[in-house]
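Participant: Would you mind keeping the following structure in view while I ask a few things?
The values are calculated or read from the model by the stated rules, or taken from the named source; none is laboratory data. Computed from a predicted model, the values in this text were never measured in an experiment. Cβ sites come from the backbone with ideal geometry, for glycine too, and all protein chains shown count toward neighbours.
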Amino acid sequence: MKNHFILLWISLLSVTDLFPQEKIEQETIRQAQQNVCAIRITEKDSEKTTALGCGVVLMTRVKDNNEYFIATAYHIVKNLVTNPDLEARISVFDKNGKLYSVSGLTGKHLLWSNPSMDAALMVLPRDVSPEEEIPEEYAFPGLANLKLIGEPAWGEDIYLFGYRWINENRFIDIVKKGILSVGTSDLPGYEGHLVYLIDNMANKGMSGGLAFNEEGVGIGIISSYVYETNNTFLNSDDLTVCLPLTFYFKVLGALIINQSDVITDILKEQD
């Protein structure tokens, strides 16, 4: 039997305890959560887990249809490229917060990646199915996707949302708060691209999650890995590296222009 993700929601009390002096609203955190999916990479036959992480749901039109994409960190999905025996399972929310999932994603769903920047984009198949009982009269509102994106101000409070994996089938919400210490284009390995450095370390499993401000404006995707000159990914000891969401949207826009036929062919195979 297939294993299913179990999501444990944080309560209002726990959020208040985390940020007793802050103005951020519970609803802002809930909306951020709905945009963050859980990614599990497994072996097809044994279902042995090889990687766990997060991603952020993006939506755009492809040939007059709304299609969904996942922005994530490359180190989560990199083995899909070289190992055909691996597949991804993604659990994702709809706009009302109900949890859905889709399995069987392989390397062909990985539309774009940049290993040195630890960035990747995947197309999400259309055949997502609910992981919970849905009333017969329930009208599917579409998957959650970011409505507000922007660029942060230096010194601004930034919140990091992702999942802490209890085991390969269970995860809980994690929210961490920091400030934007610096935006820099000089970080080794990021090829002259702007990245944001947040002065709080993301937990393992939060990679690919969402960085946002207290108004709920999404500003970046959590990488938390710095590419050093010895060709090894190493954890930062006190900072979280975030790639701007605006960068992902620019890449996605170029993919839609140049590879729309490829994307629609992939999606038709799943229909």
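Participant: Can you tell me which residue within region 139-197, out of those that are assigned to a loop (DSSP other than H, G, I, E, B) and aromatic (Phe, Trp, Tyr), is farthest from Gln26 (Cα to Cα)?
Facilitator: Step by step, filter region 139-197, then rank; the result is Tyr190.
Participant: Here is a list of conditions, (1) touching a helix residue (DSSP H, G or I) at 6+ places or on another chain (Cβ under 6 Å); (2) at pLDDT 90 or above, and Tyr227 meets all of them except one; can you say which number that is?
Facilitator: Status for Tyr227: all satisfied but (2).
Participant: Taking strands (runs of 3 or more DSSP E) that do not extend beyond region 19-110, which have at least 3 residues that are in contact (Cβ under 8 Å) with a residue 60 or more places away in the chain and within 20 Å of Val251 (Cα to Cα)?
Facilitator: Ranges flagged: 49-62, 65-72.
Participant: Still on this structure: May I ask you to verify whether Val175 is touching a residue at least 40 places away in the same chain (Cβ under 8 Å), in contact with a Phe, Trp or Tyr (Cβ under 8 Å, 6 or more places away or on another chain), surrounded by 16 or more Cβ atoms within 10 Å (Cβ to Cβ) and assigned by TED's automatic domain parsing to the domain that holds Val241?
Facilitator: So Val175 passes the test.
Participant: Further question: Among the numbered criteria (1) more than 20 Å from Ile256 (Cα to Cα); (2) surrounded by fewer than 21 Cβ atoms within 10 Å (Cβ to Cβ); (3) among the acidic types (Asp, Glu), which one does Glu67 miss?
Facilitator: Glu67 satisfies every listed condition except (1).
Participant: Would you confirm, using the coordinates I've provided, whether Asp127 is under 17 Å from Asn66 (Cα atoms), surrounded by fewer than 21 Cβ atoms within 10 Å (Cβ to Cβ), under 15 Å from the mean Cα position of the chain (by Cα) and modelled with pLDDT under 95? Show your work before the answer.
Facilitator: Details: under 17 Å from Asn66 (Cα atoms): yes; surrounded by fewer than 21 Cβ atoms within 10 Å (Cβ to Cβ): yes; under 15 Å from the mean Cα position of the chain (by Cα): no; modelled with pLDDT under 95: yes.
No.
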